[in-house]
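The values are calculated or read from the model by the stated rules, or taken from the named source; none is laboratory data. Computed from a prediction, not measured in an experiment: that's the story for all the values here. Virtual Cβ from ideal backbone geometry, glycine too; neighbours counted across all protein chains shown.
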Amino acid sequence: MTASAPRVIAIAVAVLAIAPLVLPPFFLQLLTEIAIVGLFATAFNLLMGYGGMVSFGHAAYFALGAYAAALLVKKAGLPMLLALPVAPLVAAAGALVFGFFIVRLTHTYFAMLSLAFAQIVFTVIFKWKGLTGGDDGLLDVWPPPLLKSPAAYYYFTLAVVGLCLLALHAIIDSPFGYALRAARESPRRARFIGVDVRRHQLLAFVLSGLFSGVAGALFAFYNGSVFPDFAYFPKSFEPLVVALLGGVHSFYGPLAGALGFKVLEWLISRQWPIYWPLFLGGIVVLVIIVLPGGFVGLVSGGRWRARPAA
Amino acid sequence: MQVLSGLSVGMFLFLVSVGMSLIFGVTRIVNLAHGSFYMVGAYLMVTLVELLPDRPWSFWVALLVAPLGVALLGGVIEVGLLRLIYRRDPLMQLILTFGLILVIGTLVLIVWGPDNKSVSRPDVLAGSVPVFGQPFPSYYVLVLALAPAVAVALWLIFYRTRWGMLIRAATVDREMLGALGVDVSALYTQVFVFGSWLAGLGGALAAPTVAVAIGMDGDVLTTAFVVVVIGGLGSFAGSFVSALLVGLLQSFGILVFPAISIVLLFALMAVVLIVRPWGLFGRAEE
C-alpha cells in the first residue's frame, strides 16, 4: 500500500456514497455487481496473491453461499437479514471439507483438485432437482421491500462488501497473514520457524470460501434467483481473470480489476453479446503475455516485482 | 454390448487424452484448449464432408484432412503464444490456455453458427454387424479397430524412433536434453502440433457418432482431463488404460446411476489425486 492510499480510499468512498444521487438505476446495478465481483475476487486473491494457491474451483463456494441463502429464505422461511450471515458459513463448511484435501497438494494439482470438487458441487446442484430446482434454478429470492430498490440494495451491498474488505485487510495484515506469505515464499523455511504451513493454508482456504460465500449470497438477493451456472467452471475463472486483470500483488488489485472487468463486459456485451467470451479470452491472453503485473502493477511500477503468481 | 460401446467411448477419449498427456509430458503445459481442438476437428469434418463431392472416398479424405487443419491451428498457437511463456509460472500457462477455450469457442460459434451439425457415416459403415447376436453399428467397429492401431503406432513412435526417444528424454529432463545439443524449442512445437493432430483426429472420428455442437469442447475437456489425471500426466500407457476405464465407467454409470455418473467420475479423480496425485501410471515429481 502506498502512502496516498487512505486518501484514494476516502475519495472512492465519497464518490460511491453520492453516486445514487446522480446515476440512473442501471449504473447503480452495475456498481452493485462490481462490488460483489470485487469481494469475490479479493477473497480469491487471499489465496492466490498472499497464499500462492490458485484455485480453479472457487465458483463452488460462491454457489454454496448463493444456494444456501436462497434455500434458507425459500425452504426454511428465514428472513433475508438472517439468511445472509448464515449462508457464508455453509460455504465455509464446504471449503473446510474440500480444502482439507486440496491443501495437501501443490501448484497444478492443487488447481485441478479444486476444479474437481467444484464440478462435483455443480453436478449435485444440477441433478438434485428436488432441493435445488436443477436447471431451472430457484426463483423469487428477493430482499425485503425496504432493500428492493436499486439504490437501497446498492447501499446495502456497499456496506456489507466494505465490512468484508476491512476484515480481509485485517486478516492480511495480521500475523496470520504474514505467516501465510512466508508459507508462500518458502514452505520449508516457514516450517523451520514453526509455522504449521498446512493449517495456515487450510485456514486461508476456509476464509476465502467464507467471503466468496458472502459474495454469492449478496448476488443471490441482487439477482432474485440462483442457477447451477453459479458453480460451473467458467464462473471459477471469473475471480481469477479479475484478480489477474487488476494485479494479484496488491490488496486493491482485484477491486480495480472488478471495475475494469465489469465496465468492459457491459460495453462489449451491449454491442456484441456473443463476442464477449472472445474478448474475455483475448484479454486473458494479452494480460498474461504483455502485463504480468496487471493494471495495478502497471501503475505502481517497480514496487511490486512483476512476478508470476507469487 | 455395453462393454463394446464403453470401449468405443474410451477410444475417443484415448485419442484426445494421449495428446494432452504428451503435450504435458514434454512442455509441462496442461493444455485446457485441447477439448477445443477436438471440437474444431469435428466441425472441420462437417465442413469437409459437405464440401467434397459425394463419393465413397470423400469421407476418408475428410478424415485425413480435418486433423491436419487442427494440427496447423495447434502449430500457430504454439509458435505465436505458448512459446512466449514457457518460462513463466505453470499456472499462468494454464490460465492462458483457458483464455484460448473462450476465444476458439466463440470463433467456432461465429464460423459455424449455433445449430447442431451432423456428419453421416460412410455407406460402407452405415449398417451394423451382429455381435453376440445383437446388432452393433459397424462404424464403432472402425473406431474400435483404428484407435488401438493408433495406440500401437504411438508405441512404435515412442519406443522405436529417434524422435520418440527425444520425446521420452524431454519428459524426464528438458534442460539436460537442451544441454546435449537438441533443439528443444523445435521439439516443443512438433509435440504440440502432434498432440493437436491427435485431438483433431479424435474429433473428426467422433463427428459421425455425436451431435457436433457448441459446448462439446467443455464436455470432452472435463472427461479427458479426468482421464489424464487418473492415468498420470505425461504417461502414455496411463492414458490408454484410464481412457478405457473411464469409457466403461461412463457407459455403465449411465445405466446404473444415470444421475450421478459424472459425480462418480470426478469422485474417482479426487480419490486418485488424494492417494496418488501423480496418477496411476505417472511419476511423482520433485
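Figures for the structure shown
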read-out	value
Among residues of segment A:184-193, those that are assigned to a helix (DSSP H, G or I) and either among the aromatic types (Phe, Trp, Tyr) or surrounded by fewer than 19 Cβ atoms within 10 Å (Cβ to Cβ) (or both), counted	6
First in segment A:240-254 and under 14 Å from A:SER55 (Cα atoms) and touching a residue at least 40 places away in the same chain (Cβ under 8 Å), second anywhere and of a type in the set (S, T, N, Q) and in a helix (DSSP H, G or I), Cβ under 7 Å, 6 or more apart	A:ALA243/A:ASN45; A:VAL248/A:ASN45
Exclusive hit being surrounded by 23 or more Cβ atoms within 10 Å (Cβ to Cβ), under 17 Å from B:LEU244 (Cα atoms) and not charged (D, E, K, R), set B:LEU44, B:LEU15	B:LEU15
The lone exception for A:ALA5 - which of (1) within 30 Å of A:ILE125 (Cβ to Cβ); (2) out of contact with any Leu (no Cβ under 7 Å at 6 or more places or on another chain); (3) among the hydrophobic types (A, V, I, L, M, F, W, C) it fails	(1)
Qualifying helices (runs of 4 or more DSSP H) (wholly inside segment B:175-285; at least 3 residues being within 11 Å of chain A (Cβ to nearest Cβ) and surrounded by fewer than 20 Cβ atoms within 10 Å (Cβ to Cβ))	B:261-275
Scope segment B:117-136; condition of a type in the set (A, V, I, L, M, F, W, C), over 21 Å from B:GLN2 (Cβ atoms) and touching a residue at least 24 places away in the same chain (Cβ under 8 Å); matching residues	B:VAL119, B:VAL124
Any hit, segment B:83-93, residues being outside any helix (DSSP H, G or I) and among the hydroxyl-bearing types (Ser, Thr, Tyr)	yes
Looking only at segment A:240-281, and only at residues there that are within 11 Å of chain B (Cβ to nearest Cβ) and outside any helix (DSSP H, G or I), the one that is surrounded by the most Cβ atoms within 10 Å (Cβ to Cβ)	A:VAL248
Subset of segment A:133-157 that is in contact (Cβ under 8 Å) with a residue 24 or more places away in the chain, closer than 19 Å to A:VAL214 by Cα and out of contact with any Ser or Thr (no Cβ under 8 Å at 6 or more places or on another chain) - its residue that is surrounded by the fewest Cβ atoms within 10 Å (Cβ to Cβ)	A:PRO144
Matching option when the condition is within 14 Å of chain A (Cβ to nearest Cβ), buried (at least 21 other Cβ atoms within 10 Å of the Cβ) and within 23 Å of A:SER236 (Cα to Cα), among B:MET20, B:MET92	B:MET20
Residues located in segment A:25-55, provided they are within 12 Å of the chain's Cα centre (by Cα) and outside any helix (DSSP H, G or I)	A:SER55
Breaking point among (1) without any contact (Cβ under 8 Å) to a residue 12 or more places away in the chain; (2) acidic (Asp, Glu); (3) under 30 Å from A:ALA17 (Cα atoms), for A:ASP196	(3)
Selection within segment B:101-115 - part of a helix (DSSP H, G or I) and touching a residue at least 12 places away in the same chain (Cβ under 8 Å)	B:ILE101, B:ILE104, B:GLY105, B:VAL108, B:LEU109, B:VAL111, B:TRP112
A:ASP135 being within 14 Å of chain B (Cβ to nearest Cβ), more than 22 Å from the chain's Cα centre (by Cα) and either of a type outside the set (Gly, Ala, Ser) or assigned to a helix (DSSP H, G or I) (or both)	yes
Per-region count, segment A:96-117, residues farther than 18 Å from B:LEU233 by Cα, at pLDDT below 90 and among the small types (Gly, Ala, Ser)	0
Sole exception among (1) surrounded by 19 or more Cβ atoms within 10 Å (Cβ to Cβ); (2) more than 7 Å from every other protein chain (Cβ to nearest Cβ); (3) of a type in the set (Gly, Ala, Ser) for B:GLY113, by number	(1)
Filtered residues of segment B:91-117 (kept if over 20 Å from B:GLY203 (Cβ atoms) and touching a Pro at 6+ places or on another chain (Cβ under 9 Å))	B:LEU91, B:MET92
Test: residue in segment B:91-106 that is more than 19 Å from A:LEU280 (Cα to Cα) and over 21 Å from the mean Cα position of the chain (by Cα)	no
Breaking point among (1) more than 7 Å from chain A (Cβ to nearest Cβ); (2) over 20 Å from B:PHE225 (Cα atoms); (3) of a type outside the set (A, V, I, L, M, F, W, C), for B:THR97	(2)
Given (1) under 22 Å from B:PHE14 (Cβ atoms); (2) within 14 Å of another protein chain (Cβ to nearest Cβ); (3) modelled with pLDDT of 90 or more, number of the condition B:VAL76 does not satisfy	(1)
Subset of segment A:129-154 (residues that are farther than 26 Å from A:LEU23 by Cα and among the polar types (S, T, N, Q))	A:THR132
Breaking point among (1) touching a residue at least 24 places away in the same chain (Cβ under 8 Å); (2) β-branched (Val, Ile, Thr); (3) out of contact with any Lys or Arg (no Cβ under 7 Å at 6 or more places or on another chain), for B:ILE254	(1)
Residue check, A:PHE98 surrounded by fewer than 24 Cβ atoms within 10 Å (Cβ to Cβ) and either under 26 Å from B:MET269 (Cα atoms) or of a type outside the set (Gly, Ala, Ser) (or both)	no
Filter result for B:PRO53 (more than 14 Å from every other protein chain (Cβ to nearest Cβ) and not in a helix (DSSP H, G or I))	yes
Members of segment A:194-215 found to be under 19 Å from A:VAL86 (Cα atoms) and either outside any helix (DSSP H, G or I) or among the charged types (D, E, K, R) (or both), listed by number	none
Residue within segment A:215-235 that is within 12 Å of chain B (Cβ to nearest Cβ), touching a residue at least 24 places away in the same chain (Cβ under 8 Å) and among the aromatic types (Phe, Trp, Tyr) present	yes
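Yes/no matrix, rows are residues, columns are (1) within 13 Å of chain B (Cβ to nearest Cβ); (2) more than 20 Å from the chain's Cα centre (by Cα); (3) farther than 23 Å from A:LEU240 by Cα:
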position	(1), (2), (3)
A:PRO88	no, no, no
A:LEU96	no, no, no
A:GLY99	yes, no, no
A:ILE102	yes, no, no
A:ALA118	yes, no, no
A:TYR178	no, yes, no
